[in-house]
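Student: Quick one: the structure is below, questions incoming.
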Amino acid sequence: MLPPLAARSAGRAILLSSILSLPALALASAVTKPTTGVPRAIGQTSNGCIAGAVALPKDGTGYMVMHLERRRYFGHPDLIATLQDLGGQMQKRGIGRLQIGDLAQARGGPMPTGHRSHQTGLDVDVWFNLDPRIYSDADALRANVNAPSMLASDGKGLNRGLWSEHHVEMLELAAHQPRVDRIFVNPWIKRELCRTIHGKRDWLHKIRPWYYHDDHFHLRLACPAGDPDCDDQDPIPQGDGCDASLDWWFEPHPPAPAVPPAAKPPLPAACAAVMDQP
């Protein structure tokens, strides 16, 4: 078992031995405080860590953090600034209050539940819900609330009683944040945007269809400038994405062949030092 956090500063040799022998998941989820020093996103969003993460305050202008008990409210300072800017713009326009889901753990790395990515402090889930009646400012009552799906009960199309122009405005504001690289949404939501947005729609380029993502959108930043250990994703294809690549999501496909799960790669070597820092 990983030694208690209080023993880390006293037993660096013991901790380093733990780093080399314990699964990365157990190690990353056990650390509860970020490192000090210059912020660095290290590795890939699905295999990495973050040094110098910052905690997003649980409440701010135009936003609130949900599920505080998970302690997944840490991110690169660029992500924190992006969310605070977005919340301020939401409030100024009277769109609603952002409900912020998971960012990253204190030092990133793999999470025990819920995500394969969110490891480098550059990812965040933002709930689509804009109805203030289903949440509370009380910390304890933020722990037992599920974000409502925007899909119809049969999973085909949107729930017209929930989806509104405010959701479109929210996504457009998010896509225009200068540090944002891409935003993942359910394919039905992407299709709705393609169908209804006219005129200036270049921001649709950043809106990418992906599995699930019907109760929240997943916002991801590009690697910060001057961060050599951060691995960017491949660029998004040109265009607004309202083409055959979107049609694919609605076409029948044969079931994928059963294959054994691939072994998880080790975290980048630089992450050992991040996890080892007292």
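Student: Determine the gain in length on full extension of the stretch L68-V168; use 0.36 nm per residue of separation and subtract their C-alpha separation, reporting nm with one decimal. The partial results should precede the final answer.
Tutor: Values: separation 100, 0.36 × 100 = 36.00 nm, distance 2.70 nm.
Net length gain for the segment: 33.3 nm.
Student: Starting from 0 in steps of 10 Å, tell me what percent of the Cα-Cα pairs of the range 205-275 lands in each bin.
Tutor: P(r) over the range 205-275, rounded to whole percents: 12, 28, 36, 20, 3.
Student: So which residue, out of S117, S136, S245, gets the largest mean-square fluctuation from a GNM of the chain using Cα contacts under 10 Å as springs?
Tutor: Among S117, S136, S245, the largest GNM mean-square fluctuation belongs to S245.
Student: Per residue, what volume in Å³ does the convex hull of the Cα atoms of the range 49-94 enclose? Each step should come with its number before you reach the end.
Tutor: Values: hull volume 2.9 nm³, N = 46.
About 63 Å³ per residue, rounded to a whole number.
Student: Roll a 1.4 Å probe over the protein chains and send me the accessible area per residue for the chain in Å².
Tutor: Numbers: 13930 Å² over 278 residues.
Here the residues of the chain average 50 Å² of exposed surface.
Student: At what distance in nm do the modelled label points of A263 and W248 sit from each other, each positioned 7 Å from its Cα along Cα→Cβ?
Tutor: Result for the modelled spin labels: 3.0 nm.
Student: Using 32 Å as the Cα-Cα cut-off, could you pick out the over-long pairs in K58/K200; K33/K156; K33/K200; K92/K206; K33/K264; K156/K264? If you can, show how the numbers build up before the last one.
Tutor: Numbers: K58/K200 34 Å; K33/K156 42 Å; K33/K200 43 Å; K92/K206 23 Å; K33/K264 25 Å; K156/K264 34 Å.
The answer is K58/K200; K33/K156; K33/K200; K156/K264.
Student: Which one of G155, G48, G121 has the biggest mean-square fluctuation once the chain is modelled by GNM with Cα springs under 10 Å?
Tutor: Of G155, G48, G121, the Gaussian network model singles out G155 as fluctuating most.
Student: Set the Förster radius R0 to 25 Å, insert the Cβ-Cβ distance between R133 and T61 as r into 1/(1 + (r/R0)^6), and round the FRET efficiency to 0.05.
Tutor: Details: r = 21 Å, r/R0 = 0.83.
Between R133 and T61 the formula returns 0.75.
Student: Let me ask something additional. Given 0.36 nm per residue, what is the gain on full extension from A81 to A152 after removing their alpha carbon distance, in nm? Write out the running numbers ahead of the final one.
Tutor: Working: separation 71, 0.36 × 71 = 25.56 nm, distance 3.38 nm.
This chain segment gains 22.2 nm when fully extended.
Student: Can you pull the percent of the range 50-96's accessible area that's carbon plus sulfur, 1.4 Å probe, other chains left in place?
Tutor: Values: 850 of 1820 Å².
Of the solvent-accessible surface of the range 50-96, carbon and sulfur hold 47 percent.
Student: Of all DSSP beta bridges located in the chain, what percent are antiparallel, nearest 5?
Tutor: Values: 21 of 28 bridges.
In the chain, DSSP labels about 75 percent of beta bridges as antiparallel.
Student: Per residue and in Å³, how big is the convex hull formed by the alpha-carbon atoms of the chain? Show your work: numbers first, answer last.
Tutor: Working: hull volume 42.5 nm³, N = 278.
Spread over its residues, the Cα hull of the chain gives 153 Å³ apiece.
Student: In nm, to one decimal, how far is the modelled label at T36 from the one at R201, with both set 7 Å along Cα→Cβ?
Tutor: It works out to 5.2 nm between the two label points.
Student: Moving on to the next point. Using per-residue counts of other Cβ atoms within 10 Å, averaged over each peptide, order 156-164, 89-97 from highest down. Let's see the in-between values first.
Tutor: Numbers: 156-164: 13.6, 89-97: 16.2.
So the order, starting with the most tightly packed, is 89-97, 156-164.
The values are calculated or read from the model by the stated rules, or taken from the named source; none is laboratory data. Values in this document were obtained by computation on a predicted structure and should not be read as measured data. All Cβ positions, glycine included, derive from the backbone under ideal geometry; neighbour counts span all protein chains shown. Remember, those area values only see protein heavy atoms, side chains included, never the ligands or the DNA or RNA. Shrake-Rupley method; radii C 1.70, N 1.55, O 1.52, S 1.80 Å.
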